[in-house]
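To keep things clear, I will list the structure first and then write my remarks on it.
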Amino acid sequence: MQLDHQRIGFTRISDVNIPDSFYNRLKTGEDEIDTIFGDGILLGSTMTMISDPGVGKSIFCRTLLEKLGNAGYDVGYASGEEDINQIAYSAASLGIKNLQTATITDIDELCDAMEQFDVLVIDSFQTITTKRDLNSRTKVQYFCNSIVKSAKQHNCVVIVIVQKTSSGEIRGGTTLPFAVDVNIRILKDTEVSEEFRLIEVYKNRFGRAGKYEMEMTSSGYIFKGVYVEPEQPAKVAKIPISEQRKELILSITEPPLITVDRVMEEVGVAYQTAANLLRELTFER
């Protein structure tokens, strides 16, 4: 049906004024880092940083913040995992000097802090607290909604560090990874060396997903990564249909007519082969 008017609550794309911030991304000035996030980081975006304990999430985030701070951006690190003395001690070996940090866990205080920064790291999602009387499920949803809403409201990039359980599950469930714009996980690349890490961007609403391999030393990450292209889905081989097979398939006329199971029985092939034969026959017709 041809519509000559807009639906209530909907906006025509041509009437949308895209904010300048979508084109002016935060950049460290180092191409190897900026490329990971899609040629820079979009203001107001939210992301998770996920890995097993001890793999290097905090080191990655602190190093990233220092480089962004050196590029002139206001950056902050809110920790519920370590106190200021512990952070300062570990930061010294990384050459980090200008990072602003605080021990904050209350969600409302964290959201207020977003107004002061271009980029804020929350370490970690599991340590966030609230004075509100909420059950565990409602609390997680409230934290997620607050983070995403406040990040957009204050045009602040928010990176949330997320822990994994010993069985490999994401602590706090999948609510936060679904809600944010970018998901990054860090893996040990043991096929290369114990010191190598695979930085995998497996969801990115504002750039491409991909994998980056780099070394992590005692003085932090060496951001000279080798980009690994995303795996392409395997192509299903085209199976030519012989005249004999075609006649057998087309001879199936009784209920329930042509199904994969019937083709398997009549032609004497496996399930996947039967499905491929049906597909190719459909294309021919």
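Just going by the charge dipole of segment 20-228, with Lys and Arg at +1 and Asp and Glu at -1 on Cβ, which of Ile147, Val160, Ile104 is farthest out on the positive end?
About the Cα centre, the residue reaching furthest to the positive side is Ile147.
Search the structure for amide H atoms under 5 Å from the amide H of Asp106, placed 1.01 Å from N in the peptide plane, and list their residues when 5 or more places away or on another chain.
Thr129
So for each of 133-144, 213-224 I average, over its residues, the number of other beta carbons within 10 Å; can you give me the resulting order with the highest mean first?
Highest to lowest by the protection proxy: 213-224, 133-144.
Can you check what the net charge comes to around Leu68, using other residues whose Cβ is under 13 Å from the Cβ of Leu68 (Lys, Arg +1; Asp, Glu -1)?
That sum, taken over residues with Cβ under 13 Å, equals -1.
Can you tell me how segment 65-115 classifies by the Cα gyration tensor, rounded, prolate or oblate, using a/c under 1.5 as the rounded cut?
oblate
Could you give the length gained on full extension between Glu169 and Phe206, defined as 0.36 nm per residue of separation minus the Cα-Cα distance, in nm?
Net length gain for the segment: 10.7 nm.
Can you give the net charge of the other residues whose Cβ lies under 9 Å from the Cβ of Tyr221, counting K and R as +1 and D and E as -1?
0
Which whole-Hz ³J(HN,Hα) couplings does segment 98-114 yield from phi under the Karplus relation 6.51 cos²θ - 1.76 cosθ + 1.60, θ = phi - 60°, glycine and proline marked x?
Karplus values, whole Hz, x for Gly and Pro: 9, 5, 8, 9, 7, 9, 10, 10, 5, 4, 5, 5, 5, 5, 5, 5, 4.
Pairs to check: Lys131/Lys211; Lys27/Lys131; Lys67/Lys131; Lys97/Lys211; Lys97/Lys188. Give those whose C-alpha atoms are more than 32 Å from each other in this structure.
In this structure, Lys131/Lys211; Lys27/Lys131; Lys67/Lys131 lie more than 32 Å apart at Cα.
May I ask you to evaluate 6.51 cos²θ - 1.76 cosθ + 1.60, the Karplus curve with θ = phi - 60°, for each residue of segment 145-155 and list the ³J(HN,Hα) values in order in whole Hz, giving x for glycine and proline?
For segment 145-155, the Karplus curve yields 4, 5, 4, 5, 5, 5, 4, 5, 4, 9, 6 Hz.
Work through the residues other than Arg205 whose Cβ is under 15 Å from its Cβ and net out their charges, Lys, Arg +1 and Asp, Glu -1.
Value of the local net charge: +2.
May I ask what percent, to the nearest 5, of DSSP beta bridges between residues of segment 20-228 are antiparallel?
If I count the DSSP bridges inside segment 20-228, around 45 percent turn out antiparallel.
For the peptides 145-156, 60-71, 167-178, what is the packing order when you average, over each peptide's residues, the other Cβ atoms within 10 Å and list the highest mean first?
60-71, 145-156, 167-178
What residues qualify as long-range amide H neighbours of Val160, i.e. H under 5 Å apart, gap of 5 or more or another chain, H built at 1.01 Å from N?
Met47, Thr48, Met49, Ile122
Can you tell me the length gained on complete extension of the stretch Leu248 to Asn70, counting 0.36 nm per residue apart and subtracting the Cα distance?
Extra length from Leu248 to Asn70 when fully extended: 56.9 nm.
No value in this document is a laboratory result; all are computed from the given coordinates. As the structure is a prediction and not an experimental result, all values here were calculated from the model. Positions of Cβ are backbone-derived with ideal geometry, glycine not excepted, and every protein chain shown enters the neighbour counts.
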